[in-house]
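The values are calculated or read from the model by the stated rules, or taken from the named source; none is laboratory data. No experiment lies behind these values; they were computed from the predicted model shown. Note that we place each Cβ from the backbone using ideal geometry, even for glycine, and neighbour counts take in every protein chain shown.
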Amino acid sequence: MKAIFDDRQRAHDPKHFMANGQSLPNPEQPRRITVLSAAAVQAGCSFEAPRDHGPGPIAAIHSPEYLTFLKTIHRRWSRIEGASDEVIPNIHPDRRTASYPRSAVGQAGFHQADTACPIAAGTWDAAYWSAQSALGAVDALLAGERSVYALCRPPGHHAFGDLAGGFCFLNNAAIAAEALLAAGRRPAILDIDVHHGNGTQGIFFHRRDVLTVSIHADPIRFYPFFWGHAGERGAGEGMGYNLNLPMPRGTTDAEFLDVLETALARIAAFGADAIVLALGLDAHENDPFLGFKVTTAGFARIAAAIAAARLDTVIVQEGGYLSEDLGSNLTSFLTGFEGG
């Protein structure tokens, strides 16, 4: 399988994030790249760098106001006397229709949904090339590859059109789907990260041209809490084009595979001719976030079931955090997909 990655994605090196009122070491580290790339090579992948598609495909998903913020906020933040090294908001608007502040502090609160998406000097470059890697995978698919792996880091599925969150800044899966749509394809996004892809849902919630399907831990007691419930089916023209399949904590291989059948049946009903697979490996039983209990062997079975749909597939890396099993999980998934 061909794989796409740009080394500039290492530039984002976050130190902290806030959880349960504490400042903790950030688990979305550049070392994930080292582990994941080695695992992909072990699965038989050959890597190449993406070309620079420019800002246009990114701006097709994200507002110019938000992109300006991402590119400039760290420099502006650094001018504040006593400011932290990383941009972390301390105030948020009570509604998305609130007036737009000029202050760097106010804009951070407006464009960062939570305290798990700190912005440092290298964040924009890394996020930009993460998105370009997803676009490079689309290029390869359109050139005739049946499946391509995009090592996207930082991840993207919690990023809305004008809002960062949950370690995510640019929504790589949405950018890839939009590029496929522009090329005349009919894409569906299938998100199997243990966390709901709330940003992806938000981007397409009122649209009918991209189907969004997510299997994830029930948000009633799990991040992102406010999105991902079964009743969220889309709105307006998008009604019925979003499917959430929340599962209980501790979901096993067999339970995951059972609900995956429902997800794939909906994708078939949509008439998709391509899948953008938002691949989270954090559903593993030993992932630090402890949501599901999918095994390493289970990832191969999940991959084989998706591959059996016989649809061109862009595999976009989402979550999956540093543990002894992270690399083995990716190798298992990619090997299972090729075998399927």
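Condition first: of a type outside the set (D, E, K, R), touching a residue at least 40 places away in the same chain (Cβ under 8 Å) and surrounded by fewer than 19 Cβ atoms within 10 Å (Cβ to Cβ). Now tell me which residues in the range 236-263 satisfy that.
Once the filter is applied, which keeps residues that are of a type outside the set (D, E, K, R), touching a residue at least 40 places away in the same chain (Cβ under 8 Å) and surrounded by fewer than 19 Cβ atoms within 10 Å (Cβ to Cβ), the range 236-263 yields Gly250, Thr252, Leu257, Val259.
Mind checking whether some residue in the range 213-233 is buried (at least 24 other Cβ atoms within 10 Å of the Cβ), among the β-branched types (Val, Ile, Thr) and farther than 24 Å from Ala297 by Cβ?
Looking for residues that are buried (at least 24 other Cβ atoms within 10 Å of the Cβ), among the β-branched types (Val, Ile, Thr) and farther than 24 Å from Ala297 by Cβ, one finds none in the range 213-233, hence no.
Would you point out which residue out of Asp6, Asp52 is closer than 30 Å to His206 by Cα, among the acidic types (Asp, Glu) and at pLDDT 95 or above?
Result: Asp52 is the single residue among Asp6, Asp52 that is closer than 30 Å to His206 by Cα, among the acidic types (Asp, Glu) and at pLDDT 95 or above.
Inside the range 68-93, can you point out the residues that are buried (at least 19 other Cβ atoms within 10 Å of the Cβ) and either over 21 Å from Tyr128 (Cβ atoms) or within 23 Å of the chain's Cα centre (by Cα) (or both)?
Residues satisfying the conditions are Phe69, Leu70, Ile73, His74, Glu86, Val87, Ile88, Pro89.
Name every residue in the range 119-161 that is surrounded by fewer than 23 Cβ atoms within 10 Å (Cβ to Cβ) and either part of a loop (DSSP other than H, G, I, E, B) or touching a Lys or Arg at 6+ places or on another chain (Cβ under 6 Å) (or both), in order of residue number.
Ala120, Ala121, Gly122, Trp124, Asp125, Ala140, Ala143, Gly144, Glu145, Arg146, Gly161
Name, by its number, the condition in (1) free of Cβ contacts under 8 Å to residues at least 24 places away in the same chain; (2) of a type outside the set (Lys, Arg); (3) closer than 29 Å to Gly161 by Cβ; (4) surrounded by fewer than 16 Cβ atoms within 10 Å (Cβ to Cβ) that does not hold for Glu65.
Result: Glu65 fails condition (1) only.
For the range 123-172: of the residues being among the hydroxyl-bearing types (Ser, Thr, Tyr) and over 15 Å from the mean Cα position of the chain (by Cα), which is farthest from Ala113 (Cα to Cα)? So that I can check it myself, show each step before the final result.
Residues of the range 123-172 that are among the hydroxyl-bearing types (Ser, Thr, Tyr), as a first pass: 123, 128, 130, 133, 147, 149.
Narrowing the set further to residues that are over 15 Å from the mean Cα position of the chain (by Cα) leaves 123, 147.
Details: Thr123: 16, Ser147: 33 Å.
So, considering only residues that are among the hydroxyl-bearing types (Ser, Thr, Tyr) and over 15 Å from the mean Cα position of the chain (by Cα), the one farthest from Ala113 (Cα to Cα) is Ser147.
Across the range 181-197, which residue is nearest to His92 (Cα to Cα) among those that are buried (at least 24 other Cβ atoms within 10 Å of the Cβ) and of a type in the set (A, V, I, L, M)?
Val194
Give me the pairs, please: first residue somewhere in the range 279-290 and surrounded by fewer than 18 Cβ atoms within 10 Å (Cβ to Cβ) and modelled with pLDDT under 95, second residue anywhere and part of a loop (DSSP other than H, G, I, E, B) and among the polar types (S, T, N, Q), beta-carbon distance under 7 Å, and either six or more positions apart or on two chains.
Once the first residue is surrounded by fewer than 18 Cβ atoms within 10 Å (Cβ to Cβ) and modelled with pLDDT under 95 and sits in the range 279-290, its partners that are part of a loop (DSSP other than H, G, I, E, B) and among the polar types (S, T, N, Q) give Asn286/Ser323; Pro288/Ser323.
Residues in the range 321-340 that are among the polar types (S, T, N, Q), modelled with pLDDT under 95 and assigned to a helix (DSSP H, G or I): how many? I'd like the intermediate steps shown before the answer.
Going through the range 321-340, the residues among the polar types (S, T, N, Q) turn out to be 323, 328-329, 331-332, 335.
Add one more test, that the residue is modelled with pLDDT under 95, and what stays is 323.
From what is left, the residues that are assigned to a helix (DSSP H, G or I) are none.
The total comes to 0.
Here are some conditions: (1) at pLDDT 95 or above; (2) part of a strand (DSSP E or B). Leu24 meets all but one. Which one does it not meet?
Tallying (1) at pLDDT 95 or above; (2) part of a strand (DSSP E or B), Leu24 fails exactly one: (1).
When Gly199 is evaluated against the numbered criteria (1) of a type in the set (Gly, Ala, Ser); (2) under 20 Å from Gly54 (Cα atoms); (3) part of a helix (DSSP H, G or I); (4) touching a strand residue (DSSP E or B) at 6+ places or on another chain (Cβ under 8 Å), which criterion, by number, is the only one it fails?
Just one mismatch for Gly199, condition (2).
Looking only at residues that are farther than 22 Å from Ile315 by Cα and part of a strand (DSSP E or B) in the range 1-17, which one is nearest to the chain's Cα centre (by Cα)?
The qualifying residue nearest to the chain's Cα centre (by Cα) is Phe17.
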